[in-house]
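Written out below as structure tokens is the structure these notes cover.
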Amino acid sequence: TATNLIQNGGFEASGNWTFAGSPLPTRSTTRAHSGSYALKVGASSGQQGDVTADQMVTIPSSVTSATLDFYYWPTTNDSSTYAWQEADVLNSSGQVVQQIFKRTGNDSAWLHVSFDLSKYAGQTIGIQFLDHENSNGSSSYYAYVYVDDVALTVH
């Protein structure tokens, strides 16, 4: 039997995710892969440094597979030196233990990621979405990413 361990992965409600950085991530109706909402991580202006959204989950030791699926829409007008979008696996202490991707994208499209997390069976991990912008005080540069339909399916 398949079970999704992520709570509120469609962001149709508030809650279940921990936000950090400035400005904090927000639920947005501007762009959604499905439903009415997606999560917007990062900002159109004024962001300095990392903005993150994460959720901790415990993958039962009895599972035979664990697959993370999500969609993201990256947007930036900055270079990879100063701005990027990324997704990570965190350990139970909140430290990055594996990078799912890190890139500077302005694709104007939903991109699908499917990632095998089976090696984390029996562990508590976090799924983190991060947007970085270091615009050096210039409001003309921006980076953000929409995230939607996050699922961690275990069998």
**Message:** Per residue, how large is the accessible surface of the chain? Use a 1.4 angstrom probe and give square angstrom.
**Reply:** 45 Å²
**Message:** Accessible area of the range 82-138 with a 1.4 Å probe: how many percent of it is carbon plus sulfur?
**Reply:** 40 percent
**Asked** How long is the gain from S138 to E12 if the chain were fully straight, where each residue apart is worth 0.36 nm and the alpha carbon distance is subtracted?
**Response** 42.0 nm
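Take each of the peptides 80-89, 117-126, average the number of other beta-carbon atoms within 10 Å over its residues, and list them starting from the highest.
Values: 80-89: 19.7, 117-126: 16.7.
Highest mean packing first, the order is 80-89, 117-126.
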**HN-Hα J in Hz across the range 146-155 - Karplus 6.51, -1.76, 1.60, θ = phi - 60°, x for Gly and Pro** = 8, 10, 8, 6, 7, 9, 10, 8, 10, 10
**Request:** Compute the separation of the alpha-carbon centres of the range 114-138 and the range 1-36 and state it in Å as a whole number.
**Result:** 14 Å
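The values are calculated or read from the model by the stated rules, or taken from the named source; none is laboratory data. Everything numeric in this text was worked out from a predicted model, so none of it was measured. Don't worry about glycine lacking a Cβ; one is built from the backbone with ideal geometry, like all the others, and counts go over all protein chains shown. Side chains are part of the model used for accessible areas, which takes the heavy atoms of the whole protein and leaves out ligands, DNA and RNA. Shrake-Rupley method; radii C 1.70, N 1.55, O 1.52, S 1.80 Å.
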